[in-house]
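A.B. asks: Could you have a look at this structure, given as structure tokens, before my questions?
The values are calculated or read from the model by the stated rules, or taken from the named source; none is laboratory data. What you see is a predicted model, and the numbers here were worked out from it, not measured in a lab. Neighbour counts are summed over all protein chains in view; Cβ atoms, including those assigned to glycine, are modelled from backbone coordinates with ideal geometry.
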Amino acid sequence: MSKKITSSDVAKYLGVSRSAVSRAFTEGASIHPEKRTLILEAAKALGYQPNFFARNLSTPTQKAKSNLIVILISDFSNPFQSFLFEELSTALQQAGKQPMLLNVKEEQDLDEAILRLSGYQVDGVIAVMGSLPAESLNRCLTLSMPLVTLGRADTAGKIPSVQTDNKMAGKLAAEHLLGQGCERVGYLAGRSDGQASIERWLGFSECIYSELGIFPQVIEAGRYGYSAGFESAFKNLEALRELEGVFCASDALALGVVDACQKFAGIEIPAKLRVVGCDNVPQAAWQGYQLTTVAQPVKEIAAKALDALLKQGGGGAFEQSIIRVQPTLKVRRT
């Protein structure tokens with residue numbers, strides 16, 4: 001195994017001090033741009049990899065500024081989670097932060113995950129709460145560090161939360177189906193306690209009722225993933241045959257519905273049943289689906305979450321506890 005390259009090796013190679021090498025890798029440090037570029041290029045050529053975490057632990061004057069931001073997330077069976085994680089990670093890295101994934105696979109793992117956070121020098125947490133139970137929000141509020149939530153809002157207003165206007169998402173889906181002439185419509189719900197699923201139902205049902213005087217039929221999936229959509233559709237094929245349009249609480253649910261209907265029931269999409277998803281994950285645009293959906297502005301969500309987190313870390317106050325972003329309708333084949 002080759003010798004590990006250290007900052008001393010880079011300094012000796014260039015004939016500069018170790019402190020100069022350290023400043024070259026420290027955001028905002030005082031060093032001439034040309035010298036920084038020279039050091040970074042030499043470090044790359046030599047194969048030097050600075051240990052930011054260890055360095056920050058050893059410099060108490062920086063007071064917990066590790067630039068580590070934890071993204072606490074769950075349920076990667078829903079492709080929206082990986083889609084959101086990618087955008088959050090990109091936004092953090094562009095801001096000079098280091099994202100760290102904390103994947104809570106089971107609901108009972110949350111307490112252990114929160115306990116583990118205390119073992120790291122973390123600057124803040126972005127908690128994606130939509131696929132976790134409602135009571136999990138209260139446990140996250142015990143974190144004594146900057147925190148922003150996505151998917152669930154703190155009704156007490158103690159911490160900022162970035163949320164898509166989910167009632168508007170439901171309204172957009174309803175208006176689209178009504179515009180296509182659909183009168184017998186349904187809603188495939190996600191988690192029964194999911195804030196997003198509940199709000200999307202409210203927006204959808206209110207719009208349908210105001211136009212048709214009836215409420216949409218509800219089918220409970222209980223989760224947001226593809227398998228939940230497929231299984232729910234398969235169990236309710238006769239009910240779906242009676243509908244002209246269905247709005248699904250997530251794209252993954254909608255993709256499962258499309259496959260179950262077309263492959264096992266002969267229900268042609270969109271000739272016999274129009275399907276609308278919600279999220280606009282990359283898979284929705286795949287040629288095999290071309291799913292009509294209500295798009296969440298994921299880049300804007302990531303940017304606003306980062307902004308709210310940095311304001312807390314800098315000692316600033318957030319202007320509003322719930323930051324709403326607006327969805328848009330993306331019409332495709334279904």
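A.B. asks: Being over 30 Å from L68 (Cα atoms), acidic (D, E) and either touching a Pro at 6+ places or on another chain (Cβ under 6 Å) or touching a residue at least 24 places away in the same chain (Cβ under 8 Å) (or both) narrows it down to one of E238, E220, so name that one.
C.D. replies: Going through E238, E220 in turn, just one is over 30 Å from L68 (Cα atoms), acidic (D, E) and either touching a Pro at 6+ places or on another chain (Cβ under 6 Å) or touching a residue at least 24 places away in the same chain (Cβ under 8 Å) (or both): E220.
A.B. asks: Any idea which of (1) assigned to a helix (DSSP H, G or I); (2) of a type outside the set (A, V, I, L, M); (3) touching a residue at least 12 places away in the same chain (Cβ under 8 Å) is the one P270 doesn't satisfy?
C.D. replies: Every listed condition holds for P270 apart from (1).
Residue-by-condition table, conditions (1) in a helix (DSSP H, G or I); (2) at pLDDT 85 or above; (3) in contact with a strand residue (DSSP E or B) (Cβ under 9 Å, 6 or more places away or on another chain):
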site: S89; (1), (2), (3): yes, yes, yes
site: G96; (1), (2), (3): no, yes, no
site: L101; (1), (2), (3): no, yes, yes
site: E106; (1), (2), (3): no, no, no
site: D111; (1), (2), (3): yes, no, no
site: I114; (1), (2), (3): yes, no, yes
site: G119; (1), (2), (3): no, no, no
site: V122; (1), (2), (3): no, no, yes
site: A127; (1), (2), (3): no, yes, yes
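A.B. asks: Further, regarding this structure: Which members of region 169-207 meet the condition of being of a type in the set (G, A, S), within 21 Å of Q326 (Cβ to Cβ) and buried (at least 18 other Cβ atoms within 10 Å of the Cβ)?
C.D. replies: Within region 169-207, A169, G170, A173, A174, G190, G194, A196, S197, G203, S205 qualify.
A.B. asks: Quick check, is A260 touching a Phe, Trp or Tyr at 6+ places or on another chain (Cβ under 6 Å) and of a type in the set (A, V, I, L, M, F, W, C)?
C.D. replies: yes
A.B. asks: Of these, A260, A271, which one is among the aliphatic types (A, V, I, L, M), more than 15 Å from the chain's Cα centre (by Cα) and exposed (fewer than 14 other Cβ atoms within 10 Å of the Cβ)?
C.D. replies: Residue meeting the stated conditions: A271.
A.B. asks: I would also like to ask the following. Among the residues of region 208-224, what is the count of those that are surrounded by fewer than 22 Cβ atoms within 10 Å (Cβ to Cβ) and either among the β-branched types (V, I, T) or farther than 20 Å from N78 by Cα (or both)?
C.D. replies: 10
A.B. asks: Another question, then. Looking only at region 240-257, which residues are closer than 20 Å to G170 by Cβ and over 28 Å from the mean Cα position of the chain (by Cα)?
C.D. replies: L240, L243, E244
A.B. asks: Given the structure, is V246 farther than 21 Å from G186 by Cβ, in the same structural domain as G222 (by TED's automatic domain parsing) and surrounded by 17 or more Cβ atoms within 10 Å (Cβ to Cβ)?
C.D. replies: For V246, the condition - farther than 21 Å from G186 by Cβ, in the same structural domain as G222 (by TED's automatic domain parsing) and surrounded by 17 or more Cβ atoms within 10 Å (Cβ to Cβ) - is not met.
A.B. asks: Checking S144 against (1) modelled with pLDDT under 85; (2) buried (at least 23 other Cβ atoms within 10 Å of the Cβ): exactly one of these is not met. Which one?
C.D. replies: Result: S144 passes all but (2).
A.B. asks: Which ranges mark the helices (runs of 4 or more DSSP H) fully within region 1-73 that have 1 or more residues being at pLDDT below 75?
C.D. replies: 52-57
A.B. asks: Take the residues in region 24-36 that are surrounded by 12 or more Cβ atoms within 10 Å (Cβ to Cβ) and of a type outside the set (A, V, I, L, M, F, W, C), then tell me which one is nearest to the chain's Cα centre (by Cα).
C.D. replies: Step by step, filter region 24-36, then rank; the result is T26.
A.B. asks: Being within 26 Å of R152 (Cα to Cα), part of a strand (DSSP E or B) and either out of contact with any Lys or Arg (no Cβ under 9 Å at 6 or more places or on another chain) or without any contact (Cβ under 8 Å) to a residue 12 or more places away in the chain (or both) is the requirement here; does V294 meet it?
C.D. replies: no
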